[in-house]
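Reading through the structure tokens given below for one structure.
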Amino acid sequence: MIVLNLIKQIWRMPMSFIQIERLKKDISEAQYYQKRLIKKGKHVLAYKMGKKIDYMYHVLNDIKAV
């Protein structure tokens, strides 16, 4: 329970501008990597990377909403 409460408190903390910009850069790099995977024919890995990209977008939008 203590760990769960700690994680909740960390998520409530505002992210700095640098962290937000890094998240944007990570999304861009992940999209490029996903395109390379598709080009190589590794569709399963590209699908998994797409799920991670969606999660990063979700986090970014949540941060912008706050």
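The values are calculated or read from the model by the stated rules, or taken from the named source; none is laboratory data. This is a predicted model, so every value here is computed, not measured. When we count neighbours, we look across all protein chains shown, and the Cβ atoms used for this are built from the backbone with ideal geometry, even at glycine.
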Can you run down the residue pairs with Cβ atoms below 6 Å, 6 or more apart or on separate chains, where the first is in the stretch 28-39 and free of Cβ contacts under 8 Å to residues at least 12 places away in the same chain and the partner is in a helix (DSSP H, G or I) and surrounded by 15 or more Cβ atoms within 10 Å (Cβ to Cβ)?
38/46
Could you please give the count of residues in the stretch 43-56 that are of a type in the set (Phe, Trp, Tyr) and at pLDDT below 95?
1
Are any residues in the stretch 33-56 surrounded by 12 or more Cβ atoms within 10 Å (Cβ to Cβ), farther than 19 Å from residue 23 by Cβ and among the small types (Gly, Ala, Ser), and if so, which ones?
46
